[in-house]
2 protein chains.
Amino acid sequence: MGDVNSTRTGTGTGTGMGMGSGAASAPGGGGPTGANLGAVRSHNAALVLGLLRDAGADGISRLELAERTGLTPQAVSKITARLREEGFAAQAGLRASTGGKPRTVLRLVPEAGHAVGVHLDRDELRVVLVDLDGAVVGERRAGLDLGAGAESVLGTVAGAVEGLVGDGLGLDDDGLAGVGTLLGVGVALPGPLDHTSGVLHRMTGFPEWDGFALRDVLGARLGVPVVVDKDTNAAALGLSAGGEGGSFAYLHLGTGLGAGLVIGGRVHRGPRTGAGEFGHQVIQLDGPPCECGDRGCVEALCLAAVGRGEPAEAARVLGVAAANLVGLLDIDVVLLGGRTITGEPDVFVRGVGEVLDARARREGALGAEVPVRVAAGGERAVAEGAAQLLLRPLFGRGDA
Amino acid sequence: MGDVNSTRTGTGTGTGMGMGSGAASAPGGGGPTGANLGAVRSHNAALVLGLLRDAGADGISRLELAERTGLTPQAVSKITARLREEGFAAQAGLRASTGGKPRTVLRLVPEAGHAVGVHLDRDELRVVLVDLDGAVVGERRAGLDLGAGAESVLGTVAGAVEGLVGDGLGLDDDGLAGVGTLLGVGVALPGPLDHTSGVLHRMTGFPEWDGFALRDVLGARLGVPVVVDKDTNAAALGLSAGGEGGSFAYLHLGTGLGAGLVIGGRVHRGPRTGAGEFGHQVIQLDGPPCECGDRGCVEALCLAAVGRGEPAEAARVLGVAAANLVGLLDIDVVLLGGRTITGEPDVFVRGVGEVLDARARREGALGAEVPVRVAAGGERAVAEGAAQLLLRPLFGRGDA
DNA sequence: GCACTTTGGCAACAGCGTTGCGAAAGTGGA
DNA sequence: TCCACTTTCGCAACGCTGTTGCCAAAGTGC
């Protein structure tokens, strides 16, 4: 259990090839890979599972699944039969008849799988346990000093994770590896890292973490799969899973200014997880120096305005940078988050919105209005998004 | 002939579903679709065909294809047998033996398919005929006045296309529709449009084209599939097909300033083909007014510097905007093109490069150097890229 | 000349979604 | 109350996919 895509053949097939995913683990290293029957099976199963999740407590009927996937009803019946057998789906009542046999409604069984999300911030640790639906079923918080050294930090993290999972799901002799429904642990933290290898790079102020193979070290210690990503990416992923569709940018204004980009439902990280460096976008040529060494960066301008007690000006500056991004990527929504935003949400939403509206008016009919909202989820958003790093692959949106 | 993915079943299957493509034509409208065996077949066939193309004249052996795709050698044998039967692939000699039977080398048969690329510029028309390899086998040019009305412009385009195809491949009684190996016509033109529907929007200076359904009208007139895209996107697509891998930005500096973005080998257009609006990125808060109505846009600053006879300053300004883009998207290369660039290529390559290098130095080890080059292809690049709009789907990179 | 290695095709196979058909479970009119 | 009709959905047979087992072909090297 615990693996939706488990093949029963046992021989050869089911090599877990991504279909057109591009960045999946490829035999030849790099390029897109071939599709075999095992891949078809898991692709379709994941698709159905994703639709079941999106349907939520209301559930969805087999025929609706067939319409949405383009598969025949019979294929959906087979797939859902397997999912029910494996415990991931269950019947949930009947629809009203429309003149014939009423449709049976299927729903996801959230307890069939769990994931842990870890938000590793500079001074705080937050760990959540979520079910397949993404609902938080347990949480732990602890103070943390990222500068206290790897052993100390990893100990705190491992302790919190094991404690949380033990309370929520129960630990057997094998530790976390023995918890059947636990898919793994997602870790989100600030600053430069490589999400494909899970290796950290020189975090500002914490040089001792440079080159630390967080994914592998923590994975070995816990005995379950570990995935690592930037905090802004995790937040964006959480928003995406939380119903925010299409393409959007999550702008985080706290002690710094960063962005998480979701393009076509997938988090865009770039080949080196470097994408989303929004804060050091230059919007004032030869402007005031920024601590990064450049001049006229949004982050410097924006935070300076905040420091001067001029949030409206900060919002305007942020809006200009957001408008640049909207034009460059043609995204649908801008979501704002972070402590500075939550301090005065209305000022920032209005200020950024005004700049974007002015841009849309200049564009005319084509330039659709790009709404600005405060990101949902609050303080727990990053940890929940980190858990989605494990859940997402189950639901058909492989690498995002 | 002419359709690699033709199914022989004739019933039901082969609905042309994309696998995980996300933006493919979906039954339920929108979401990703289910995969059936026909989809597997065309996916793998396209993959193999793409590798054959990439191998060029050197060719590639079955076992190498198997390694690169992750498929078994036997599957590759079956697939290549079909491709050979259909005329898309052929044997091309033997490798040196490594102690056993020497590998037989396969190569693409470029003449098995052709596509037309049309570059519709404000004052000029350029039409190219290319083979499966992307090699230009015919070209026509003509003066053009976009303001002369749809009938006149379409007549000129249709005439040039039919003449070119007639010369190159021969026309029978059915016109273009009867030319077996012709896949279709790709049209690239400046300014706002919707590439999914092929409808134009208010082009600056040519209001009469607003809302014109270019794809459908020209498609009906020519009797072959027509695809429409922005000129910068086509140029980027051409560069991508021309060997430029990974993620890059093509910056075009001519009468205006625009960009084509390739992310992970796919052209990023955004949901409304609005992505790549690079020129009206604001890099000087409250700077000099731009004709778009905003202030401090790169385009205005850059072109003003060019007008003042200060190309180095123009290059620096362009570099700052390029650095913003590099940081936001974490791309690998910046390619420059357009008449203003080709006038003084060295100045711009150096000027932009200096800004990007300075950025990389600030980033430290992680911030990989982002090289700057003049885009290959020259004046014909956009037309060739337009033809790739038809060729690309054959080779496994579906919607890009 | 013979043993060995490597390539790649033929045939049998397992597993995928699809099709044909029928049972189950409702509605609604006679 | 009965019966015709509609709609859902599972069973069985089917066609197609890539996979596996096996063997002929075509080289190398002792």
In whole percent, the fraction of accessible protein surface over the range B:139-273 that belongs to carbon or sulfur atoms, probe radius 1.4 Å, stands at 50
Under a Gaussian network model of chain B whose springs join Cα atoms within less than 10 Å, the largest fluctuation of B:123, B:231, B:131 belongs to B:123
Per residue, the convex hull enclosing the Cα atoms of the protein assembly as shown spans a volume in Å³ of 184
Within the set B:111, B:139, B:85, GNM on chain B using Cα springs under 10 Å gives the largest fluctuation to B:85
For chain A, the longest principal axis of the Cα atoms and the Cα long axis of helix A:298-307 enclose an angle in degrees, to the nearest 10, of 70
With one decimal in nm and the nearest listed first, the spacings from residue B:74 to its own position in the other copies, using label points 7 Å along Cα-to-Cβ, are 2.7
If one builds a Gaussian network model of chain B from Cα atoms under 10 Å apart, the most fluctuating residue listed among B:345, B:102, B:110 is B:102
Given a Förster distance of 41 Å, the FRET efficiency implied by the Cβ-Cβ spacing of residue A:292 and residue B:124, rounded to the nearest 0.05, works out to 0.40
Checked against the positive end of the charge dipole of the range B:248-400 (+1 on Cβ of Lys and Arg, -1 on Cβ of Asp and Glu, about the Cα centre), the farthest of B:304, B:284, B:343 is B:343
Here the correct list, in nm and shortest first, of distances from residue A:254 to the same site in the other copies, label points 7 Å along Cα→Cβ, is 4.6
In degrees, nearest 10, the alpha-carbon axis of helix B:231-241 is tilted away from the dominant principal axis of the alpha carbons of chain B by 50
Expressed in angstrom and ordered largest first, the alpha-carbon extents of the range A:236-371 along the principal axes are 36, 36, 29
Losing no less than 10 Å² of accessible area (probe 1.4 Å) relative to the isolated chain, the residues of the range A:43-87 are A:43, A:44, A:47, A:67, A:68, A:69, A:70, A:71
Residues other than residue B:379 with Cβ under 14 Å of its Cβ, Lys/Arg counted +1 and Asp/Glu -1, net out at -1
Calculated from DSSP helices alone, with each H run of at least 4 adding -39500 (n - 2.57) and the total divided by the residues of chain A, [θ]222 nm to the nearest 500 comes to -11500 deg cm²/dmol
Rounded to the nearest 10, the angle in degrees between the Cα long axis of helix B:150-169 and the longest principal axis of the Cα atoms of chain B comes to 40
Result for interface chain A to chain B, accessible surface buried in total, 1.4 Å probe, Å² to 100, stands at 5300
Rounded to 0.05, the calculated FRET efficiency for the beta carbons of residue A:220 and residue B:379 at R₀ = 60 Å is 0.60
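Taking a probe of 1.4 Å, how large is the accessible area per residue of the range A:113-235, in Å²?
For the range A:113-235, the per-residue accessible area is 36 Å².
Please give the charge dipole size of the protein assembly as shown, origin at the Cα centre, charges +1 on K and R Cβ atoms and -1 on D and E Cβ atoms. Round to the nearest 20 debye.
On the way: 70 positive and 92 negative charges, 424 e Å.
Here the protein assembly as shown has a charge dipole of around 2040 debye.
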With label points set 7 Å from each Cα along the Cα-to-Cβ direction at residue A:94 and residue B:141, the distance between them in nm comes to 7.4
Taking 0.36 nm per residue of separation between residue A:151 and residue A:67 and subtracting their Cα-Cα distance, the length gained on full extension comes to 25.0 nm
Distance in nm between residue B:339 and residue B:74 label points, each 7 Å along Cα→Cβ, equals 6.1
Here, trypsin sites (Lys or Arg not before Pro) of the range A:246-354 satisfying both criteria (DSSP loop; at most 13 other Cβ within 10 Å) are A:308
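So, for the range B:245-375, what is the accessible surface per residue at a probe of 1.4 Å, expressed in square angstrom?
Heavy-atom SASA per residue in the range B:245-375 reads 35 Å².
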The size of the Cβ-based charge dipole (Lys, Arg +1; Asp, Glu -1) of chain A about the Cα centre, to the nearest 20 debye, is 1460
In the range B:276-313, accessible area falls by at least 20 Å² from chain alone to full assembly (1.4 Å probe) for B:277, B:281, B:282, B:283, B:284, B:285, B:286, B:292, B:294
FRET efficiency for residue B:354 and residue A:111 from the Cβ-Cβ distance with R0 = 45 Å, rounded to 0.05, comes out at 0.20
Inter-copy distances for residue B:98, label 7 Å out on the Cα-Cβ vector, sorted ascending, nm, one decimal, are 5.8
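The values are calculated or read from the model by the stated rules, or taken from the named source; none is laboratory data. Everything quoted here is computed from the prediction, not taken from an experiment. In this analysis, Cβ positions are derived from the backbone assuming ideal geometry, glycine residues included, and neighbour counts consider all displayed protein chains. Note: areas computed on protein heavy atoms with side chains; ligands, DNA, RNA excluded. Shrake-Rupley method; radii C 1.70, N 1.55, O 1.52, S 1.80 Å.
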